[in-house]
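Undergrad: Shown below is the structure under consideration.
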Amino acid sequence: MESKTVITYGTFDMFHIGHLKLLQRAKEYGDKLIVAVSTDEFNEQKGKKTLISFAQRSEIVANIKCVDEVISENSWEQKPDDIKSYKVNTFLMGDDWKGKFDYLENLCNVVYVPRTEKISSTQLKKSLINFTSIPKEDILRAFEVIEVLKRDFE
Ligand code: C2G
(Lines give C-alpha, C1' and ligand atoms only; values in the text may rest on other atoms or scores of the structure.)
Protein backbone atom coordinates (compact mmCIF):
# COMPACT_ATOMS: atom_id res chain seq x y z
CA MET A 1 0.00 0.00 0.00
CA GLU A 2 1.42 3.42 -0.92
CA SER A 3 2.75 5.33 2.09
CA LYS A 4 0.98 8.55 2.98
CA THR A 5 2.99 11.56 4.19
CA VAL A 6 1.59 14.27 6.47
CA ILE A 7 3.30 17.58 7.26
CA THR A 8 2.68 20.22 9.89
CA TYR A 9 4.48 23.42 10.89
CA GLY A 10 4.96 25.16 14.20
CA THR A 11 7.12 26.74 16.89
CA PHE A 12 6.44 24.11 19.60
CA ASP A 13 7.83 26.37 22.35
CA MET A 14 7.50 24.95 25.91
CA PHE A 15 6.15 21.68 24.45
CA HIS A 16 2.76 20.87 26.02
CA ILE A 17 -0.26 18.59 25.66
CA GLY A 18 -1.80 20.81 22.96
CA HIS A 19 1.25 20.24 20.76
CA LEU A 20 1.26 16.50 21.50
CA LYS A 21 -2.43 16.11 20.63
CA LEU A 22 -1.90 18.04 17.39
CA LEU A 23 0.97 15.78 16.34
CA GLN A 24 -0.99 12.64 17.27
CA ARG A 25 -3.99 13.87 15.25
CA ALA A 26 -1.69 14.64 12.31
CA LYS A 27 -0.26 11.12 12.39
CA GLU A 28 -3.79 9.70 11.98
CA TYR A 29 -3.75 11.08 8.42
CA GLY A 30 -0.80 9.04 7.20
CA ASP A 31 2.06 6.74 8.09
CA LYS A 32 4.88 9.29 7.85
CA LEU A 33 4.67 12.54 9.85
CA ILE A 34 7.09 15.35 9.01
CA VAL A 35 7.20 18.32 11.39
CA ALA A 36 8.71 21.63 10.26
CA VAL A 37 9.90 23.46 13.39
CA SER A 38 10.19 27.25 13.15
CA THR A 39 13.78 28.44 13.54
CA ASP A 40 14.59 31.21 16.04
CA GLU A 41 15.21 33.59 13.10
CA PHE A 42 11.83 32.76 11.52
CA ASN A 43 10.07 33.23 14.86
CA GLU A 44 11.55 36.74 14.94
CA GLN A 45 9.92 37.31 11.54
CA LYS A 46 6.65 35.93 13.00
CA GLY A 47 7.06 38.34 15.93
CA LYS A 48 7.00 35.34 18.25
CA LYS A 49 9.25 35.34 21.34
CA THR A 50 10.35 31.81 22.33
CA LEU A 51 11.90 30.64 25.61
CA ILE A 52 13.32 27.39 24.23
CA SER A 53 15.96 27.41 21.47
CA PHE A 54 15.32 25.95 18.00
CA ALA A 55 17.88 23.16 18.71
CA GLN A 56 16.03 22.08 21.87
CA ARG A 57 12.54 22.51 20.37
CA SER A 58 13.60 20.36 17.38
CA GLU A 59 15.16 17.68 19.60
CA ILE A 60 12.00 17.42 21.71
CA VAL A 61 9.72 17.17 18.64
CA ALA A 62 12.07 14.65 16.96
CA ASN A 63 11.71 12.40 20.01
CA ILE A 64 7.91 12.36 20.04
CA LYS A 65 6.86 8.79 19.21
CA CYS A 66 4.50 9.69 16.33
CA VAL A 67 7.01 12.04 14.62
CA ASP A 68 9.08 10.49 11.80
CA GLU A 69 11.12 13.45 10.58
CA VAL A 70 11.87 17.03 11.65
CA ILE A 71 12.85 19.77 9.20
CA SER A 72 13.37 23.47 9.83
CA GLU A 73 10.80 26.11 8.95
CA ASN A 74 12.72 29.16 7.77
CA SER A 75 10.04 31.09 5.86
CA TRP A 76 6.32 31.41 5.12
CA GLU A 77 7.01 30.57 1.46
CA GLN A 78 8.62 27.13 1.82
CA LYS A 79 5.41 25.10 2.20
CA PRO A 80 4.70 24.40 -1.52
CA ASP A 81 8.32 23.31 -2.11
CA ASP A 82 8.23 21.09 0.99
CA ILE A 83 4.95 19.51 -0.13
CA LYS A 84 6.42 18.74 -3.55
CA SER A 85 9.87 17.57 -2.42
CA TYR A 86 8.51 15.35 0.38
CA LYS A 87 5.54 14.14 -1.76
CA VAL A 88 3.15 15.20 0.99
CA ASN A 89 -0.45 13.95 0.83
CA THR A 90 -1.86 15.98 3.75
CA PHE A 91 -0.97 19.36 5.25
CA LEU A 92 -2.47 19.73 8.74
CA MET A 93 -2.65 22.62 11.24
CA GLY A 94 -4.65 23.56 14.31
CA ASP A 95 -7.82 25.51 13.50
CA ASP A 96 -6.41 28.80 14.79
CA TRP A 97 -4.96 28.78 11.26
CA LYS A 98 -8.27 27.83 9.60
CA GLY A 99 -8.41 29.11 6.03
CA LYS A 100 -4.89 30.61 6.10
CA PHE A 101 -3.35 27.77 4.06
CA ASP A 102 -6.22 26.86 1.71
CA TYR A 103 -4.03 27.96 -1.21
CA LEU A 104 -2.14 24.67 -0.72
CA GLU A 105 -5.28 22.70 -1.70
CA ASN A 106 -4.06 22.43 -5.30
CA LEU A 107 -1.02 20.50 -3.99
CA CYS A 108 -2.42 18.24 -1.23
CA ASN A 109 -5.26 17.75 1.28
CA VAL A 110 -5.46 20.68 3.70
CA VAL A 111 -6.84 19.77 7.15
CA TYR A 112 -7.45 21.97 10.20
CA VAL A 113 -8.11 20.23 13.52
CA PRO A 114 -9.53 21.79 16.72
CA ARG A 115 -6.93 23.28 19.05
CA THR A 116 -6.64 21.81 22.55
CA GLU A 117 -8.36 24.23 24.90
CA LYS A 118 -6.93 25.88 28.03
CA ILE A 119 -3.26 25.40 27.21
CA SER A 120 -0.86 27.53 25.21
CA SER A 121 2.79 28.50 25.40
CA THR A 122 1.64 32.13 25.77
CA GLN A 123 -0.48 31.21 28.83
CA LEU A 124 2.42 29.26 30.36
CA LYS A 125 4.73 32.25 29.88
CA LYS A 126 2.10 34.57 31.42
CA SER A 127 1.79 32.38 34.53
CA LEU A 128 5.60 32.40 34.88
CA ILE A 129 5.57 36.20 34.66
CA ASN A 130 2.71 36.40 37.22
CA PHE A 131 4.88 34.40 39.64
CA THR A 132 7.66 37.01 39.37
CA SER A 133 5.12 39.72 40.25
CA ILE A 134 4.59 38.23 43.78
CA PRO A 135 6.39 40.51 46.30
CA LYS A 136 9.78 39.04 47.28
CA GLU A 137 8.95 39.25 51.02
CA ASP A 138 5.83 37.10 50.45
CA ILE A 139 7.93 34.45 48.76
CA LEU A 140 10.53 34.58 51.61
CA ARG A 141 7.66 34.35 54.16
CA ALA A 142 6.34 31.28 52.35
CA PHE A 143 9.76 29.62 52.67
CA GLU A 144 9.80 30.42 56.45
CA VAL A 145 6.36 28.79 56.79
CA ILE A 146 7.59 25.73 54.86
CA GLU A 147 10.59 25.46 57.26
CA VAL A 148 8.24 25.54 60.29
CA LEU A 149 5.94 22.94 58.73
CA LYS A 150 8.92 20.70 57.89
CA ARG A 151 10.08 20.88 61.60
CA ASP A 152 6.51 20.08 62.79
CA PHE A 153 6.37 17.01 60.59
CA GLU A 154 9.89 15.69 61.40
N1 C2G B 1 -1.87 23.92 18.94
C2 C2G B 1 -2.99 23.21 19.37
N3 C2G B 1 -3.47 23.44 20.61
C4 C2G B 1 -2.85 24.33 21.44
C5 C2G B 1 -1.72 25.02 21.01
C6 C2G B 1 -1.22 24.80 19.74
O7 C2G B 1 -3.56 22.40 18.61
N8 C2G B 1 -3.38 24.52 22.68
C9 C2G B 1 -1.38 23.66 17.56
C10 C2G B 1 -1.41 24.90 16.69
O11 C2G B 1 -2.70 25.08 16.14
C12 C2G B 1 -0.37 24.55 15.63
C13 C2G B 1 0.64 23.69 16.41
O14 C2G B 1 -0.03 23.26 17.61
O15 C2G B 1 -0.96 23.76 14.60
C16 C2G B 1 1.89 24.45 16.78
O17 C2G B 1 1.48 25.61 17.49
P18 C2G B 1 2.58 26.79 17.66
O19 C2G B 1 3.83 26.22 18.17
O20 C2G B 1 1.91 27.92 18.37
O21 C2G B 1 2.84 27.16 16.11
P22 C2G B 1 2.63 28.58 15.43
O23 C2G B 1 3.45 29.59 16.12
O24 C2G B 1 1.18 28.75 15.28
O25 C2G B 1 3.37 28.37 14.01
O26 C2G B 1 3.78 28.26 9.32
C27 C2G B 1 2.95 27.92 10.43
C28 C2G B 1 3.52 28.46 11.71
O29 C2G B 1 4.88 28.10 11.85
C30 C2G B 1 2.70 27.93 12.88
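The values are calculated or read from the model by the stated rules, or taken from the named source; none is laboratory data. Keep in mind it's a predicted model, so treat the numbers as computed, not measured. Please note: Cβ atoms are built from the backbone with ideal geometry, for glycine as well, and neighbour counts cover all protein chains shown.
Undergrad: Quick test for you: out of Ile60, Ile83, pick the one residue that is among the hydrophobic types (A, V, I, L, M, F, W, C) and farther than 27 Å from Glu117 by Cβ.
TA: Every option except Ile83 fails the conditions.
Undergrad: Separate question: Considering every residue within segment 102-122, establish whether at least one is farther than 22 Å from Lys4 by Cα, of a type in the set (Gly, Ala, Ser), away from the ligand (no atom under 12 Å from the Cβ) and within 19 Å of the chain's Cα centre (by Cα).
TA: Checking segment 102-122: not a single residue is farther than 22 Å from Lys4 by Cα, of a type in the set (Gly, Ala, Ser), away from the ligand (no atom under 12 Å from the Cβ) and within 19 Å of the chain's Cα centre (by Cα).
Undergrad: Looking at segment 97-123, I want the residues that are touching a residue at least 24 places away in the same chain (Cβ under 8 Å) and among the polar types (S, T, N, Q) and have a partner that is surrounded by 12 or more Cβ atoms within 10 Å (Cβ to Cβ) and part of a strand (DSSP E or B) with Cβ atoms under 6 Å, at least 6 apart or on another chain. Which pairs are those?
TA: Close Cβ pairs (under 6 Å, with a partner that is surrounded by 12 or more Cβ atoms within 10 Å (Cβ to Cβ) and part of a strand (DSSP E or B)) amount to Asn109/Thr90.
Undergrad: Are any residues in segment 50-79 exposed (fewer than 14 other Cβ atoms within 10 Å of the Cβ), assigned to a helix (DSSP H, G or I) and in contact with a helix residue (DSSP H, G or I) (Cβ under 7 Å, 6 or more places away or on another chain), and if so, which ones?
TA: none
Undergrad: Go through Lys136, Lys125, Lys118 for me and flag whichever is exposed (fewer than 10 other Cβ atoms within 10 Å of the Cβ), basic (Lys, Arg) and within 25 Å of Thr8 (Cβ to Cβ).
TA: Lys118
Undergrad: In segment 52-75, what count of residues is obtained for those that are free of Cβ contacts under 8 Å to residues at least 12 places away in the same chain and within 13 Å of the ligand (Cβ to nearest atom)?
TA: Residues flagged as free of Cβ contacts under 8 Å to residues at least 12 places away in the same chain and within 13 Å of the ligand (Cβ to nearest atom) within segment 52-75 amount to 0.
Listed here are the residues, each with its yes/no results for (1) more than 12 Å from the chain's Cα centre (by Cα); (2) outside the structural domain of Ile129 (by TED's automatic domain parsing); (3) within 24 Å of Ile129 (Cα to Cα).
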{"site": "Phe15", "(1), (2), (3)": "no, yes, yes"}
{"site": "His19", "(1), (2), (3)": "no, yes, yes"}
{"site": "Leu23", "(1), (2), (3)": "no, yes, no"}
{"site": "Asp40", "(1), (2), (3)": "yes, yes, yes"}
{"site": "Ile52", "(1), (2), (3)": "no, yes, yes"}
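Undergrad: Filter segment 1-13 for residues that are over 11 Å from the mean Cα position of the chain (by Cα) and part of a loop (DSSP other than H, G, I, E, B); which is nearest to the ligand (Cβ to nearest atom)?
TA: Across segment 1-13, the extreme among qualifying residues is Lys4.
Undergrad: Go through segment 92-121 residue by residue and tally those that are of a type in the set (Lys, Arg) and closer than 20 Å to Leu33 by Cβ.
TA: Result for segment 92-121: 1.
Undergrad: Can you pull out every residue in segment 27-50 that is modelled with pLDDT of 95 or more and either near the ligand (Cβ under 8 Å from one of its atoms) or under 14 Å from Ile71 (Cβ atoms) (or both)?
TA: Lys32, Leu33, Ile34, Val35, Ala36, Val37, Ser38, Thr39, Phe42, Asn43
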